[in-house]
Amino acid sequence: MPPLELSYMTATLLNKGHEAKIIDSDVEDYKNDDIYRIIKEYKPEAIIATVSLPTIYNDCSFLQEICHYSSANVIAKTSISYPPILKEILKKSSADFCIYGECDLNIDKIIGGEERKGTAFLSNGKLEIVENSIVADLDKLPLPARNLIPNEKYHYILLGDKTTTMQTSRGCPYPCSYYCAYPLVQGKKWRSRSPEHVLREIEDIVNNYQIKKILFRDATFTLNKKRTHKICDLIIQKNLKIEWWCETRVDCLDSKLMQKMRQAGCQGMNIGVETGDPEILETQAKIGMTLEKLNVIRNIAQKLGLRLHFLLMVGLPKETKKTLYETYKLICALKPESIGITIVTPYPGTQLYTEAKEKGWIKTEDWSMFDGHSPIMRTDNLSFQDLVKAQRMIYRGFSLSCRGPISWIRLRLLDYCFKRWISQERNTS
Ligand code: SF4
């Protein structure tokens, strides 16, 4: 997906008269040597490189290499704000400092050393963190510098080739911050761009880059239904004929809104479902959401031709083999168009991480395994093997239930295996 954060910062630098370049080594398939060559030719005064948790070790050694042969200011941009990890990044990468906050509008001052908000650095080996300042009015953001990225190379599996991303809001006020890192990164206060500002960017994408597919990367795109109606109205009025996808919660949807979204080109949505167990759902996973409401939204979506991608998790502390079976049954019954199942990861800084540390549930602090797929946290009820097995069986159940009557016998067999597994003693290893 396009590097949105870097594109915002780059746009600010260009607007303020600086020169800047974006290198997306993943999509360009650049090796480290290619990047070193570009840096040598370009001779920048500052280099900003992104560091994420599961790729932290590679990212840091790459930054360290840059520090060795470039005299530029080397800056690590990360969305992690947990102090011990910020310290680790600074030590391992030798970067001059880290940007962990929102620096879209003042990146020039940050590079120039006039501003330090939202940054962290080492002073005599001691970590100093300067408080973040969020962008309160998102309409002040510039349009991302899409002219500097290879737009035709970005792909989103649910929309296809030549898809770009947009962010129309930041922050998330929901209580699933117990396990979710999103509010840690963007705060609990929801901030949004006006529909007119959003439309300006869509028109820029369509008219200047001939891109017709957009993934809205907001945590809850439809949190304010009135705003979503207005965005859709503007897309329809301007006859933009785009195809788009978003992520939201079922308690932020209704039939009227979904009809309008479909009319405006929405192809489908990622829905945070997490579990099929009503008690876990309503008390831990998605407070405010019910399975009844999910059922209603599923039916409306089906009638409108909107595809639903369910986001599921296995391994929240209250889960048992029985509750995992509820998730399996839910998926087989509702048959969404696609699903994604992660194994619960206790992100550093969340309440879940603190609880899991205290209870000795975490197997390793090798951050490269904090990727949402590796089983790194067991619970009192479920072992590491249980989590992997449950994930596999739910995927299998989904795939068989989508194939219709032809797979009926295999689905029955899987159901039998699932029930037998529930009756077995917990494997504590
Ligand atoms: S899971 Fe979704 S709704 Fe809940 S806090 Fe995270 S981003 Fe917000």
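The values are calculated or read from the model by the stated rules, or taken from the named source; none is laboratory data. From a predicted model like this one, the values you see are computed outputs, not experimental measurements. All Cβ positions, glycine included, derive from the backbone under ideal geometry; neighbour counts span all protein chains shown. These area figures cover heavy atoms from the full protein model, side chains too; ligands, DNA and RNA do not enter into them. Shrake-Rupley method; radii C 1.70, N 1.55, O 1.52, S 1.80 Å.
Quick notes on this one:
- Full extension of the chain segment joining S194 with S61 gains 43.8 nm, where the gain is 0.36 nm per residue of separation less the Cα-Cα distance.
- For a straight C-alpha distance cut-off of 19 angstrom, the lysines reachable from K256 (same-chain residues fewer than eight places away being disregarded) are K225, K226, K230, K293, K303.
- Average Cα contact separation per residue, the stretch 4-129, under 8 Å, 6 or more apart, as relative contact order %: 22
- Between amide H atoms placed 1.01 Å from N, distances below 5 Å from E274 occur with L311, L312, M313, all of them 5 or more places distant or on a separate chain.
- Long-range HN-HN contacts of A46 with modeled amide H, under 5 Å: N73
- Phi-derived couplings, Karplus 6.51 cos²θ - 1.76 cosθ + 1.60 at θ = phi - 60°, listed residue by residue for the stretch 224-235: 9, 5, 4, 5, 5, 4, 5, 4, 4, 4, 5, 5 Hz, with x used for Gly and Pro.
- Over all projection directions, the Cα-based convex hull of the stretch 4-129 averages an area of 7.4 nm².
- Counting all C-alpha pairs of the stretch 231-344, share separated by more than 22 Å (%): 34
- Over the Cα atoms of the stretch 1-66, the radius of gyration divided by the Kirkwood radius equals 0.95; this is the Rg/Rh ratio.
- Here the stretch 4-129 is treated with +1 on each Lys and Arg Cβ and -1 on each Asp and Glu Cβ, and its dipole about the Cα centre works out to around 460 debye.
- Annotation for the stretch 21-53 versus the stretch 363-429: alpha-carbon center distance of 40 Å.
- Rounded to whole Hz, the Karplus (6.51, -1.76, 1.60) HN-Hα couplings of the stretch 131-139, x for glycine and proline: 3, 7, 10, 7, 7, 6, 10, 5, 5
- Rounded percent of accessible protein surface that carbon and sulfur make up, the stretch 4-129, 1.4 Å probe: 44
- Chain lengthening between R412 and Y69 when straightened (0.36 nm per residue, less Cα-Cα): 117.3 nm
- Extended-chain gain in nm, criterion 0.36 nm per residue less alpha-carbon gap, N224 and Q263: 12.2 nm
- Residue-by-residue Karplus 3J(HN,Hα) for the stretch 302-310, coefficients 6.51, -1.76, 1.60, Hz, glycine and proline x: 4, 5, 8, x, 8, 7, 10, 10, 7
- DSSP bridge analysis restricted to the stretch 40-161 gives an antiparallel fraction near 45%, rounded to the nearest 5.
- Calculated FRET value between K40 and N147, using beta carbons and R₀ = 25 Å, to 0.05: 0.60
- Average accessible area per residue (Å²) across the chain - probe 1.4 Å, nucleic acids and ligands excluded: 45
- Under-5 Å amide H pairs with C266, H placed in peptide plane, nonlocal only: W244
- When the solvent-accessible area of the stretch 154-423 is split by element, carbon and sulfur atoms take up 53 percent of it, the probe being 1.4 Å.
- Reduced Cα scattering model of the chain, Debye log10 I(q)/I(0), q = 0.06 Å⁻¹: -0.28
- GluC sites (Glu not before Pro) within the stretch 15-60, DSSP loop, no more than 15 other Cβ atoms inside 10 Å: E19, E45
- A 1.4 Å probe over all protein chains sorts H373, H197 by accessible area into H373, H197, starting with the largest.
- Other residues with beta-carbon under 13 Å from the beta-carbon of N299 carry, at +1 per Lys or Arg and -1 per Asp or Glu, a net charge of +2.
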